[in-house]
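The values are calculated or read from the model by the stated rules, or taken from the named source; none is laboratory data. Predicted model only: the values in this text are computed from it and were never measured. Cβ placement follows ideal geometry from the backbone for every residue including glycine, while neighbour counts extend to all protein chains displayed. Protein only, heavy atoms only, side chains kept; ligands, DNA and RNA dropped before computing areas. Shrake-Rupley method; radii C 1.70, N 1.55, O 1.52, S 1.80 Å.
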Amino acid sequence: MSQLEELIAVWLPRQRWFSGKGIPIQQIRVENFHTLASAGPDGPDLHLLVVRSGQRGRSSRYQVLLGSRAPRSLPPDLARAAIGVCPVSGKRQRVIYDAACDGDLTGMLLERFASPGGNGQVRFRTLPGERIRTGAAGRMLTGEQSNTSLVFGEDYVLKTFRRLWPGPNPDLELNCALSGSPYVARPCGWIEADLPGYAAPTTLAMLQTYIPGAMDGWVLATTNVWALLEGTGPERQSAFTEEAALLGRTTAEVHRSLAKALPTDVLSPTAVAELADAMVERLAMASAEVPELADYAHLVMEAYADFSQVDEPLPIQRIHGDYHLGQVIRTGAGGWVLLDFEGEPTVPVRERQRLSSPLRDVAGMLRSFDYAAGYLLVDHPSDPGLEWAARSWARHNREAFCRGYADGGGADPEKHLAVLRAFEFDKAVYEVLYEARNRPNWLRVPLESIATAVSVPPAAR
Ligand SMILES: Nc1ncnc2c1ncn2[C@@H]1O[C@H](COP(=O)(O)OP(=O)(O)O)[C@@H](O)[C@H]1O
Ligand SMILES: [Mg+2]
């Protein structure tokens, strides 16, 4: 490995967005290195790298934005972003650091959109008629896990995709398909690059309009649950139920727009039975690892059997794919806006582009209502009264969301319970495995959802 690669090998595993945590990095290879901008002989210079990390025979690609400056010229407020000192692009010794932390460099990145076009294999693109306003420095959004988003004033968000899969990113693809919808943030441009060995360009970043003053759906929901548990919020609770219904309607509208703009199909009963088989397999694997789940496995199996016997063709289309309360924001005036159509970033893009039932997104959001209700009780001593209140919050909002979804023209969840229940269990089983491995004290949230759902026959829910 070069000196630069050695430094990246130490820095990469400490980044929140690095998805291979806990497994030693054996190799780092810089596959693409582009200098996007330079401010003079001492820098700062802005570099965009695609690096491939090798871990126990598994290899993944990541995007790294690096700054470089002459040694000892790093301003003190960037000391925490420093990665090390090494030769960079023909200059002998440079201090390299995380460019996302440097307002000068993020400003230079936005600047590049004002004169779109190529720089070798990296290209800046804008949508027709788009004139990018420059001059602002990018401020990193906190709280993100899998990517790095920079907010420019109140104008734009530049979402840089960290884990890279060859080809167009579904976030850009679906946002462009939905362009003009009041329920998404308007896409303005993107950055793409040619990766060695792939004909189609790979999306590196997406520039979208920023929606100022919006509230994150997860924060809104959990604040509402909190008020309820504190005994201060019965009237606020009903206010949130209206929000849940509006979110359901908005979700249905977005699904309909996606179905209009992009391919659709139907799954035959045989294909549905194959989906059910895959669910059974995932359940068996999770039950073998988490004994608490095994107690309910036979009841979940019954739901999968009901699903496999659905004898109507199941409509499929492009969907959100990773839908939950943290992926929606409530704007001051206009209602809900859906974000992050990337799907699950650790799953190869080709799989994420597969058509699926929109009820899978509905199931994702229903799981999220259970999480919002259960999460505040995770480290709380057992209290049947609070648990009942939390469950009833989840039930009311789940029902409101489903009602809104049907009112908005989506498939009525009440009429497709066998499908919805199977998707929901499948998601909850995934959560059980995730929590058992990563956050054992949260395990009770999906387990309690499964226990409650299997104990109530569908007709009585
Ligand atoms: N266009 C936007 N306007 C306002 N806030 C945004 C916008 N895009 C993203 N955000 C905020 O950033 C958070 C993370 O964005 P998201 O696209 O979901 O990234 P990630 O893939 O890392 O989850 C969102 O939950 C939201 O709070
Ligand atoms: Mg997100």
State which residue is surrounded by the fewest Cβ atoms within 10 Å (Cβ to Cβ) when the search covers only the range 178-209 and only residues that are of a type in the set (Phe, Trp, Tyr) and closer than 19 Å to Val122 by Cα.
Tyr198
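Among the candidates Gly334, Gly343, single out the residue that is exposed (fewer than 14 other Cβ atoms within 10 Å of the Cβ) and among the small types (Gly, Ala, Ser). Write out each step before concluding.
Details: Gly343 fails: exposed (fewer than 14 other Cβ atoms within 10 Å of the Cβ).
Within the list Gly334, Gly343, the selection yields Gly334.
Going by the structure shown, is Val85 open to solvent by less than 20 Å² (accessible area, probe 1.4 Å), part of a strand (DSSP E or B) and not polar (S, T, N, Q)? Full working, then the answer.
Numbers: open to solvent by less than 20 Å² (accessible area, probe 1.4 Å): no; part of a strand (DSSP E or B): yes; not polar (S, T, N, Q): yes.
So Val85 does not fit the description; no.
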Across the range 6-33, what is the number of residues that are more than 16 Å from ligand 1 (Cβ to nearest atom), crowded, with 17+ Cβ neighbours inside 10 Å and either in the same structural domain as Ser149 (by TED's automatic domain parsing) or touching a residue at least 40 places away in the same chain (Cβ under 8 Å) (or both)?
7
Of (1) within 16 Å of ligand 1 (Cβ to nearest atom); (2) over 28 Å from Arg163 (Cα atoms); (3) not polar (S, T, N, Q), Leu314 fails just (1)
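Scan the range 331-384 for residues that are away from ligand 1 (no atom under 16 Å from the Cβ) and β-branched (Val, Ile, Thr) and jot them down. Walk me through how you get there before you give the answer.
Residues of the range 331-384 away from ligand 1 (no atom under 16 Å from the Cβ): 348, 350-351, 353-360, 362-363, 366-367, 369-370, 373-384.
Listed by number, the residues that qualify are Val362, Val378.
Among the residues of the range 113-135, are any assigned to a helix (DSSP H, G or I), under 26 Å from the mean Cα position of the chain (by Cα) and either of a type in the set (Phe, Trp, Tyr) or away from ligand 2 (no atom under 16 Å from the Cβ) (or both)?
Pass one, the range 113-135, residues assigned to a helix (DSSP H, G or I): 113-114.
When the remaining residues are screened for being under 26 Å from the mean Cα position of the chain (by Cα), the result is 113.
Subset that is either of a type in the set (Phe, Trp, Tyr) or away from ligand 2 (no atom under 16 Å from the Cβ) (or both): 113.
Yes, the range 113-135 has at least one match.
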Sole residue being away from ligand 1 (no atom under 11 Å from the Cβ), on the phi < 0 side of the Ramachandran plot and small (Gly, Ala, Ser), chosen from Gly180, Gly138, Gly129
Gly138
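With the structure loaded, tell me whether Thr148 is β-branched (Val, Ile, Thr), within 16 Å of ligand 2 (Cβ to nearest atom), touching a strand residue (DSSP E or B) at 6+ places or on another chain (Cβ under 8 Å) and over 28 Å from Phe240 (Cα atoms) or whether it fails that test.
Working: β-branched (Val, Ile, Thr): yes; within 16 Å of ligand 2 (Cβ to nearest atom): yes; touching a strand residue (DSSP E or B) at 6+ places or on another chain (Cβ under 8 Å): yes; over 28 Å from Phe240 (Cα atoms): yes.
Spelling it out, Thr148 is indeed β-branched (Val, Ile, Thr), within 16 Å of ligand 2 (Cβ to nearest atom), touching a strand residue (DSSP E or B) at 6+ places or on another chain (Cβ under 8 Å) and over 28 Å from Phe240 (Cα atoms).
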Going through the range 301-344 one residue at a time, which ones are over 15 Å from Leu359 (Cβ atoms) and in a strand (DSSP E or B)?
Val328, Ile329, Arg330, Thr331, Gly335, Trp336, Val337, Leu338
